[in-house]
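Inspection log for the structure reproduced underneath, given as structure tokens.
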Amino acid sequence: MATMLEVKSLSISFGGLKAVDDFHVDIESGQLYGLIGPNGAGKTTVFNLLTGVYKPDTGSILLDGVNITGKKTIDINQAGVARTFQNIRLFKDLSVLDNVKVGLHNHHPYSTLEGILRAPRYFKVEKEMDERALQLLKVFDLDKEADYKASNLPYGKQRKLEIARALATEPKLLLLDEPAAGMNPNETKELMDTIRFVREHFGLTILLIEHDMKLVSGICEKLTVLNFGQVLTEGDTSDVLNDPQVIKAYLGE
């Protein structure tokens with residue numbers, strides 16, 4: 001199977017302290033991969049490096065064979081990487097539908113002048129985006145709330161909306177930063193089913209950060225454990241989660 005994400009020797013320092021040190025990972029196309037570790041291990045920093053929020057001091061990032069190291073966030077998104085955040089980042093004063101349409105603008109552009117003049121192309125593109133956004137909302141059973149303000153959705157549905165918006169950018173690789181954070185057990189179970197469906201339905205490769213070990217063990221095929229910015233261990237999920245040092249240090253058992 002082809003490699004979707006290949007990361008080698010990725011490092012970054014802040015104030016002389018290495019936040020990520022020689023991080024590496026290979027993720028195959030279509031794989032559901034987990035990144036775990038204690039708070040402060042550098043997991044979100046890795047996501048920020050992969051998405052261009054930070055530029056690495058050293059190392060390389062290849063997406064589907066294309067070098068995206070140090071590129072701008074918008075360029076990395078257009079190359080095929082989308083993400084969600086540990087703390088939900090929705091446009092809370094916009095409607096559910098319009099939140100998804102924000103993600104669609106990368107692939108359904110019209111010029112500023114066309115928008116101001118309400119040219120025929122503007123209405124054509126807006127109609128296409130409305131239709132596509134509703135299709136995505138139906139995947140997450142959010143189409144009935146399309147006209148709601150995003151801030152009025154229950155917490156679990158806000159999580160789903162954030163994933164729907166990320167999918168609107170038509171990614172190859174989806175990064176999920178603690179998608180189960182703040183969810184109750186029923187919501188987490190539903191989220192697991194949603195992630196599995198998204199992977200299959202959209203043909204995506206998924207990398208997720210997660211502290212919920214039931215979710216990790218239930219959906220991830222492989223794991224990397226990060227500690228103090230360094231890779232502690234990696235491998236098949238069952239092997240990693242049964243590693244005594246992982247159990248002692250990260251699972252609290």
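Any residue in segment 164-193 that's within 25 Å of Thr45 (Cβ to Cβ) and free of Cβ contacts under 8 Å to residues at least 24 places away in the same chain: show its pairings with residues that are part of a loop (DSSP other than H, G, I, E, B) and basic (Lys, Arg) at Cβ separation under 6 Å, as long as the two are six or more apart or on different chains.
none
Which members of segment 67-86 meet the condition of being closer than 22 Å to Glu210 by Cβ and assigned to a strand (DSSP E or B)?
Val81, Ala82, Arg83
Here are Arg89, Arg83: which of them is among the charged types (D, E, K, R) and open to solvent by 50 Å² or more (accessible area, probe 1.4 Å)?
Result of the check over Arg89, Arg83: Arg89.
Within the set of pairs 6 or more residues apart or between chains, which connect a residue that is within 12 Å of Asn99 (Cα to Cα) and open to solvent by 100 Å² or more (accessible area, probe 1.4 Å) inside segment 135-149 to a residue that is among the β-branched types (Val, Ile, Thr) and part of a helix (DSSP H, G or I) with Cβ atoms less than 9 Å apart?
Close Cβ pairs satisfying both conditions: Asp147/Val96; Tyr148/Val96.
Please go through segment 213-239 and give me each residue that is closer than 12 Å to Leu32 by Cβ, part of a strand (DSSP E or B) and among the hydrophobic types (A, V, I, L, M, F, W, C), ordered by number.
Selection gives Leu223 alone.
Looking only at segment 163-203, count how many residues are surrounded by fewer than 22 Cβ atoms within 10 Å (Cβ to Cβ), assigned to a loop (DSSP other than H, G, I, E, B), over 11 Å from the mean Cα position of the chain (by Cα) and not β-branched (Val, Ile, Thr).
6
Give me the residue from segment 5-61 that is of a type in the set (Lys, Arg) and under 13 Å from Gln230 (Cβ atoms) and, out of that set, surrounded by the most Cβ atoms within 10 Å (Cβ to Cβ).
Checking each candidate, the answer is Lys43.
The values are calculated or read from the model by the stated rules, or taken from the named source; none is laboratory data. Model, not experiment: these values are computed from the prediction. Quick reminder, even Gly has a Cβ in these numbers, built from the backbone with ideal geometry, and neighbours come from all protein chains shown. Only protein heavy atoms, including side chains, enter the accessible area calculation; ligands, DNA and RNA are left aside. Shrake-Rupley method; radii C 1.70, N 1.55, O 1.52, S 1.80 Å.
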